[in-house]
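Working notes, beginning with the structure itself.
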Amino acid sequence: MKTKLHRQFKGKQQTATISMANTGKYYISILIDDEQSLPEKVKFNQKTTVGLDMGLTHFLITSNGVKVDNPHPLKTELRKLKREQRKLSHKQKGSNNLDKQRIKISKIHERI
């Protein structure tokens, strides 16, 4: 099976969990013990500390007053999902087109 290793790891492998998504893709989660101690906590002072607030009207508001607007990819993906599910309801049971449509819907769910 082909794999894409996103980063190399050093240490002792503890567990590996393989899972399959509805789209047919396999994913593996690996737990590694690198036998290093935890890093020390960094103490922040008031001048460098920034508070972050995630809200409904704005995606992010900092204590400095910077406002970041909401990205709306979820709305477009939900619209696509709605359309594809309507198409699925008209497919004949047991057909190959029904299976193809289910995979399309699973891919949209993965993106969401």
Looking only at segment 42-63, filter to residues that are open to solvent by 100 Å² or more (accessible area, probe 1.4 Å) and at pLDDT below 85; which one of those is nearest to Q14 (Cα to Cα)? V42
Being in a loop (DSSP other than H, G, I, E, B) and within 19 Å of I105 (Cα to Cα) is the requirement here; does T23 meet it? yes
When restricted to Q92, Q14, Q101, the only residue assigned to a strand (DSSP E or B) and in contact with a Leu (Cβ under 8 Å, 6 or more places away or on another chain) is Q14
Scan segment 77-94 and report the pairs whose first residue is under 16 Å from E110 (Cβ atoms) and whose second residue is open to solvent by 80 Å² or more (accessible area, probe 1.4 Å), with Cβ atoms within less than 6 Å and a gap of 6+ or a chain change. E77/R111; E77/I112; E84/K104
Please work out if I112 is open to solvent by 80 Å² or more (accessible area, probe 1.4 Å), closer than 26 Å to K4 by Cα, under 24 Å from the mean Cα position of the chain (by Cα) and not aromatic (F, W, Y). yes
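So that you can scan it fast, the table gives a plain yes or no per residue for (1) surrounded by fewer than 10 Cβ atoms within 10 Å (Cβ to Cβ); (2) under 26 Å from I112 (Cβ atoms); (3) of a type in the set (K, R):
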{"site": "K10", "(1), (2), (3)": "yes, no, yes"}
{"site": "I32", "(1), (2), (3)": "no, no, no"}
{"site": "Q36", "(1), (2), (3)": "yes, no, no"}
{"site": "E40", "(1), (2), (3)": "yes, no, no"}
{"site": "G65", "(1), (2), (3)": "yes, no, no"}
{"site": "D69", "(1), (2), (3)": "yes, yes, no"}
{"site": "K80", "(1), (2), (3)": "no, yes, yes"}
{"site": "H90", "(1), (2), (3)": "yes, yes, no"}
Closer than 30 Å to K2 by Cβ, outside any helix (DSSP H, G or I) and either under 21 Å from the mean Cα position of the chain (by Cα) or of a type outside the set (S, T, Y) (or both), is that true of I32? yes
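The values are calculated or read from the model by the stated rules, or taken from the named source; none is laboratory data. What you see is a predicted model, and the numbers here were worked out from it, not measured in a lab. With ideal geometry, Cβ positions are generated from the backbone for all residues, glycine too; neighbour counts draw on all protein chains shown. Accessible surface areas use protein heavy atoms only, side chains included; no ligands, DNA or RNA. Shrake-Rupley method; radii C 1.70, N 1.55, O 1.52, S 1.80 Å.
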